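A short worksheet on the structure shown next.
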Amino acid sequence: LVVKLHADSMKYQMEMIADPRAIAPNFDLSNATVRASGLDYHQYILNRFGAYVDVWELFNEQINVPQGYLDAVTGFLNAQDPYRHPITMSFDQPKDNASALAVSAGHHSYYGDDLTTLDQAVARGCNGLKNQQNLNKPLIAGEIGNSSPMGNNVPGHYRDMLWTYNMNQCASIFWNMSGAQVINAKRGPTNIYIGPQQRLESGVFSKFIAGFDPAAQPLQVTLAPASQFGAYVLGSARDIGGYFIHSADPSVSLSGASVQLSIPANGMSGQWIDPATGNVLKTFSVPSGLQTLPIPSFMFDIALRIRDTD
């Protein structure tokens, strides 16, 4: 399975153990036999799966993990893993020193917002994660989806979260529930259904982000009319990407809008793209300097990509 995933440029984050207390009660490694047993277990997982893994996740949804336990396990893995895979864990531990973790993947959120506020809630979550302990490392929303009162298959929600997370420099992992029994049983509006439309939208985003400059940082832009829609824009000296949401009323088309931003170089080429289909709505070229770009009419969301073609 993982070989197939890697063939399609997908990455694999593997949980080493769901609850370490199955080996070390109360995360206590002071007993030499318990410590040896726990580290032997991690060595086995490392030996068996290390060649296939991209990121190690220590455990799932554990809180108040003692610093001594974290230091012992991360130190052991860093010393023994020949691949030096990044290490993370699946819940924020704000009271602990997480310097040994190469990736922050603790953010778990299920949203009950409608399309007028969902992107703002997502952005707040990303910014809160960035500000926690002044993190300067890759950020992953390790478990996200829908919550009450939204259902498993709400048009636009998956796309909104996918783009907003990533355009706020936070990767997203959706908790997928695609079984027919889940969709039809009316068991409650939890998690998210990644069906054909959501998979299409994932492909559109993957194509959009392919080759995007990793040095891009958030850009300040000016929107008009400012009260009608929001934007999340990343840019560098050679690349700009943006996601725009008609949050005032996503059910109607927004016409006559514009965005003002600084273009870093002459001869850059741009595209306005429909995030739902991948259709290119408009192409243009733009000179350097502060420019005001007209935005094609759009119903709920629209994406912008400007790049240096030289």
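Figures for the structure shown
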{"item": "Separation in nanometres of the label points that stand 7 Å from Cα toward Cβ, at residue 80 and residue 291", "result": "5.5"}
{"item": "Furthest towards positive pole of dipole, 75, 264, 224, structure part the chain, Cβ charges", "result": "264"}
{"item": "Segment residue 262-residue 220, extension gain: residue separation times 0.36 nm, minus the distance between their alpha carbons", "result": "14.2 nm"}
{"item": "Proximal charge balance of residue 8 [Cβ under 15 Å; K/R count +1, D/E count -1]", "result": "+3"}
{"item": "Paramagnetic reach from residue 309 in the range 241-280 [backbone N under 14 Å; point 7 Å along Cα→Cβ]", "result": "266-272"}
{"item": "Virtual spin-label span in nm between residue 237 and residue 9, 7 Å along Cα→Cβ", "result": "2.4"}
{"item": "Ranked packing of 242-250, 283-291, 1-9, 21-29, most packed first, by mean Cβ within 10 Å", "result": "242-250, 21-29, 283-291, 1-9"}
{"item": "11 Å beta-carbon shell around residue 46, net charge (K/R +1, D/E -1)", "result": "-1"}
{"item": "Lys, Arg +1 and Asp, Glu -1 on Cβ, resulting dipole of the chain about Cα centre, debye, nearest 20", "result": "280"}
{"item": "Residue-span extension gain [residue 48 to residue 277] - 0.36 nm each, minus C-alpha spacing", "result": "78.4 nm"}
{"item": "Segment residue 1-residue 28, extension gain: residue separation times 0.36 nm, minus the distance between their alpha carbons", "result": "6.2 nm"}
{"item": "Pairs beyond 31 Å (Cα-Cα), from 11/282; 4/282; 4/130; 137/207; 130/207", "result": "11/282; 4/282; 4/130"}
{"item": "Centre separation in Å (Cα based) which lies between the range 1-77 and the range 197-234", "result": "34"}
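Quick note: the coordinates plus some simple rules give every number you see, no bench work behind them. Predicted model, so just to flag it, every value in this text is computed and none were measured. Here Cβ is always computed from backbone atoms with ideal geometry, including for glycine, and neighbour counts include all displayed protein chains.
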